[in-house]
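Below is one structure, written out as structure tokens, with a few remarks after it.
The values are calculated or read from the model by the stated rules, or taken from the named source; none is laboratory data. It should be emphasised that the depicted structure is a prediction, and the values quoted were computed from it without experimental measurement. No Cβ is skipped: glycine too gets one built from the backbone with ideal geometry, and neighbour counts run over all protein chains shown.
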Amino acid sequence: MYILLFLVVAFSFGKMSERINATIVGHSYVARLERGFEEGRFVARGPRGLRYNFIGVGGGRVHPPGCYKSMFRSVEEIRRRRPEIVFLHCGENDIGTPGIDYYDIVESMVNLITRIATECQPEFLVVSQLTKFPAHGIRGALAKQITKRLEQWAGNRGNHVGNTRVKIWNHDIKINRTTGARFFCPDDVHLNAKGMRNYYKSVMAAVGRYSRIVLEERRTRS
């Protein structure tokens, strides 16, 4: 009897140790990604125990922190979900807004990253590079500059905020190149079907990579 009980407990613990939750949070790209999952156009990729959930905020912005559709409003919801992996994508909707400059966006992004890390304490916080919308026009260069500054900021802290490891994820899907306009809808902001499929694959690759690291670390400790 005791042996059977031990085996059941050990089996249950083993199953739990293989589970890992990932929260994908961001502006309309994330909302559309979630819709793709709900409609069956996209399927989960990664380790068997990986579970995805989404917080998509159409028009989500980072500056000022208390603004309408502020991404800062998502922090409490992320905390409640207690994910091991957070993938964050935002910042582009602030580019080109009157009265908001490069430094405002960088500062707000840093503050948002810091709040998620300290209040939600995921194992990994993966921050997406900012996308260069064709609609940004000449201001599109700011997307790359902000991403580079965030990489420098994270690197200066050893890619850690507290116990959370912070990684900047650069999508290798060509949307930021000079020919990237072909991946966008006519509004020059949202990704078309091909662009969204490439984006989906990249997000799955990012979350899958860091999920495997967390699972391997668990196995090493056990």
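Return the pairs, sorted by first residue and then second, in which the second residue is of a type in the set (A, V, I, L, M) and part of a helix (DSSP H, G or I), the first residue lies in segment 194-213 and is closer than 16 Å to residue 35 by Cβ, the beta carbons are less than 9 Å apart, and the residues are 6+ apart or on different chains.
196/33; 199/33; 200/33; 203/30; 203/33
Six or more apart or on different chains, Cβ atoms under 6 Å: show the pairs whose first residue is in segment 134-163 and in a helix (DSSP H, G or I) and whose second is surrounded by 12 or more Cβ atoms within 10 Å (Cβ to Cβ) and of a type in the set (D, E, K, R).
134/188; 135/188; 140/132; 143/132
So which residues in segment 177-188 are surrounded by fewer than 19 Cβ atoms within 10 Å (Cβ to Cβ) and out of contact with any Asp or Glu (no Cβ under 9 Å at 6 or more places or on another chain), if there are any at all?
Within segment 177-188, the subset surrounded by fewer than 19 Cβ atoms within 10 Å (Cβ to Cβ) is 177-182, 185-188.
Within segment 177-188, 177, 178, 179, 180, 182, 185, 186, 187, 188 qualify.
Under 6 Å between Cβ atoms, at least 6 apart or on separate chains: pull out the pairs that start in segment 63-79 with a residue that is closer than 9 Å to residue 120 by Cα and end on any residue that is among the acidic types (Asp, Glu) and at pLDDT 95 or above.
Close Cβ pairs (under 6 Å, with a partner that is among the acidic types (Asp, Glu) and at pLDDT 95 or above) amount to 75/119; 79/119.
Restricting attention to segment 167-209, which residues are over 19 Å from residue 126 (Cβ atoms) and assigned to a helix (DSSP H, G or I)?
180, 181, 182, 183, 193, 194, 195, 197, listed by residue number.
Of the residues 215, 150, 191, which is in contact with a strand residue (DSSP E or B) (Cβ under 7 Å, 6 or more places away or on another chain), surrounded by 17 or more Cβ atoms within 10 Å (Cβ to Cβ) and closer than 19 Å to residue 41 by Cα?
Result of the check over 215, 150, 191: 191.
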